[in-house]
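The values are calculated or read from the model by the stated rules, or taken from the named source; none is laboratory data. Here the structure is a predicted model, which means the values were calculated and not measured. Neighbour counts run over all protein chains shown; Cβ positions are idealised from the backbone, glycine included.
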Amino acid sequence: MTEPIIRAQQVEKFYAQPSENRIQVIAPTSLEIFPGEIVALLGPSGSGKSTLLRMLAGLSKPSAGEVLWHGKPVSASQINVSIVFQSFALFPWLTVLENVEAPLKARGIASTTRHKSSLKILDTVGLDGFASAYPKELSGGMRQRVGFARALVVEPEVLFMDEPFSALDVLTAENLRSELLELWQKKTIPTQAIFLVTHNIEEAVLLADRIIVLGRNPGHVRTDFKVNLQHPRDRKSAPFTALVDYIYKVLTRPDVAPAEMPVIEGGRRVRDQRQMHYEMLPHARPGGIAGLLELIIDLNGRTDIYRLADELAFEIDDLLPIVDAAQLLSFLRVEEGDVAITPEGREYAESEILRQKELFRKAALDHVLLLRQITRALNNKTDHTVPEDFFLDMLDEQFSEEETQRQLDTAINWGRYAELFDFDASRRRFVLPETEESMAAAGETEE
């Protein structure tokens with residue numbers, strides 16, 4: 001059996017807190033990167049994709065567990081990897097050739113040798129004739145080509161890429177993907193394996209031989225499967241579309257174990273055994289939720305998530321929080337990659353503003369633990385106020401410091417809209433409005 005180039009054994013990433021608790025970014029995770037494969041890592045924002053990449057590449061030490069390079073600890077090995085980043089990260093004062101030569105110069109390679117190697121790789125990536133140009137003279141696509149050339153000139157055994165196409169326009173990104181795949185398939189580049197972090201599901205299905213999907217809070221592998229589709233892959237084919245829909249479903253249903261793989265054989269699923277105290281509140285505004293529901297109503301109440309994102313010209317990370325929020329509130333159902341509006345969602349989208357607030361208030365109290373706790377605490381206090389720190393202390397047992405504040409900010413936004421409570425920013429305190437309506441809502445929640 002082929003031995004992996006890189007093996008991660010129960011690697012974790014966490015940060016200690018002043019208390020005995022810690023912020024867990026990556027849960028114990030094991031995975032392997034084998035020669036001859038392109039591996040795509042997908043996951044929602046905050047799932048730790050880049051953190052995991054950095055641990056595998058040896059840039060960041062795991063808090064626990066171990067990363068092995070050809071069976072030996074990374075710390076005791078001379079690993080040969082390169083990384084292409086989302087930003088072009090070129091030295092603006094250097095020419096294209098000098099930028100590509102930089103890693104060879106850092107390794108102490110002689111001038112003549114590094115000059116020859118750099119010119120050769122520039123020709124390989126289609127930049128012959130631009131050796132003397134400066135980055136400011138190049139388009140975005142050409143600057144990223146320089147980034148690829150700089151990463152490949154050291155002949156890495158594993159090429160890591162952290163969303164390398166996301167800063168480019170659609171056509172340029174598509175062209176670079178095709179060229180990279182051609183170089184890989186023709187073995188024009190010496191790389192033995194490619195590890196691609198992306199948020200673009202279609203990009204992953206187009207390029208990857210294997211796809212890993214992460215869940216978040218903390219980051220953990222939800223599913224890891226091989227893509228048994230021949231190249232070139234047809235975006236419009238039924239197997240391709242089914243696989244895209246399957247991945248969308250995994251991403252949008254974090255509380256449900258992934259279903260069996262559709263059409264594509266050889267997949268395996270990993271059951272999520274993580275129990276959460278607080279659900280992760282999607283950072284979406286009530287107005288955005290209502291707008292999404294109205295769009296879906298215009299599409300006969302059901303649509304494919306991928307096509308919806310494409311029609312709206314949204315990145316998936318922009319659309320998913322709104323979909324997640326509507327699903328959390330039971331305004332939407334996600335089924336096999338499609339979103340379908342519920343009767344509650346239709347009523348919410350088609351109601352007047354006051355009725356919308358009532359429906360949102362009921363859904364929030366029914367489905368959001370944090371909002372129930374805030375409302376109960378306010379109702380139980382004689383002065384009907386509670387300091388913000390009380391809830392921050394509870395949330396930071398589960399979330400990072402930054403995410404704790406974001407969770408509370410989202411809860412404040414939702415609670416104010418639903419008229420469950422107000423927030424006094426000067427005193428950093430939650431306040432229960434002295435209205436019969438809000439008091440009644442709090443009372444009903446306690447019963």
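Assorted remarks:
- Which listed residue, of LEU53, LEU97, is outside any loop (DSSP other than H, G, I, E, B) and touching a residue at least 60 places away in the same chain (Cβ under 8 Å): LEU53
- Residue match in segment 121-132 (condition: closer than 30 Å to LEU319 by Cα and surrounded by fewer than 20 Cβ atoms within 10 Å (Cβ to Cβ)): no
- Contacts under 7 angstrom Cβ, first residue in segment 372-390 being without any contact (Cβ under 8 Å) to a residue 12 or more places away in the chain, partner surrounded by fewer than 12 Cβ atoms within 10 Å (Cβ to Cβ), 6 or more apart: none
- From the options LEU59, LEU52, residue that is in contact with a strand residue (DSSP E or B) (Cβ under 9 Å, 6 or more places away or on another chain), among the hydrophobic types (A, V, I, L, M, F, W, C) and surrounded by fewer than 16 Cβ atoms within 10 Å (Cβ to Cβ): LEU59
- Output for segment 74-92, where each listed residue is over 21 Å from SER139 (Cα atoms) and surrounded by 12 or more Cβ atoms within 10 Å (Cβ to Cβ): VAL74, SER77, ILE79, ASN80, VAL81, SER82
- Among the residues making up segment 370-388, those that are among the hydrophobic types (A, V, I, L, M, F, W, C) and in contact with a Leu (Cβ under 8 Å, 6 or more places away or on another chain) are LEU370, LEU371, ILE374, LEU378, VAL386.
- Pick from segment 166-225, criterion closer than 15 Å to VAL244 by Cβ and small (Gly, Ala, Ser), ranking: farthest from the chain's Cα centre (by Cα): ALA208
- Segment 9-32 - residue that is among the aliphatic types (A, V, I, L, M) and under 20 Å from the mean Cα position of the chain (by Cα) and, of those, nearest to LEU196 (Cα to Cα): LEU31
- In segment 7-33, the residues that are touching a residue at least 24 places away in the same chain (Cβ under 8 Å) reach residues that are part of a strand (DSSP E or B) and among the hydroxyl-bearing types (Ser, Thr, Tyr) with C-beta atoms within less than 6 angstrom, at least six apart or across chains, in these pairs: ALA8/SER30; GLN9/SER30; GLN10/SER30; VAL11/THR29; ILE23/TYR15.
- Among (1) closer than 30 Å to ARG346 by Cβ; (2) hydrophobic (A, V, I, L, M, F, W, C); (3) modelled with pLDDT under 75; (4) touching a Leu at 6+ places or on another chain (Cβ under 9 Å), the one test that VAL263 misses: (1)
- Considering each residue of segment 119-142 in turn, at least one proves to be under 23 Å from ALA204 (Cα atoms), assigned to a helix (DSSP H, G or I), in the same structural domain as ILE212 (by TED's automatic domain parsing) and in contact (Cβ under 8 Å) with a residue 24 or more places away in the chain.
- Unmet requirement for LEU378, which otherwise passes all of (1) closer than 23 Å to THR404 by Cβ; (2) within 22 Å of the chain's Cα centre (by Cα): (2)
- Subset of segment 415-447 (residues that are modelled with pLDDT of 90 or more, in a helix (DSSP H, G or I) and over 18 Å from PRO387 (Cα atoms)): TYR417
- Tally of residues being at pLDDT 90 or above and assigned to a loop (DSSP other than H, G, I, E, B) across segment 1-40: 6
- Residue match in segment 136-150 (condition: closer than 30 Å to SER30 by Cβ and either of a type in the set (Phe, Trp, Tyr) or surrounded by fewer than 16 Cβ atoms within 10 Å (Cβ to Cβ) (or both)): yes
- Segment 103-118: number of residues that are touching a Ser or Thr at 6+ places or on another chain (Cβ under 9 Å) and not in a loop (DSSP other than H, G, I, E, B): 3
- Which listed residue is assigned by TED's automatic domain parsing to the domain that holds GLY147, under 24 Å from PRO218 (Cα atoms) and not hydrophobic (A, V, I, L, M, F, W, C), from GLY36, GLY58: GLY58
- THR112 fulfils the conditions (1) surrounded by fewer than 16 Cβ atoms within 10 Å (Cβ to Cβ); (2) closer than 19 Å to PRO164 by Cα; (3) of a type in the set (Val, Ile, Thr) except for a single criterion, (2).
- Failed condition for ARG268, given (1) of a type outside the set (A, V, I, L, M, F, W, C); (2) modelled with pLDDT under 85; (3) assigned to a helix (DSSP H, G or I): (3)
- Among residues of segment 217-231 being within 15 Å of TYR248 (Cα to Cα) and of a type in the set (D, E, K, R), the one that is surrounded by the most Cβ atoms within 10 Å (Cβ to Cβ) is ARG222.
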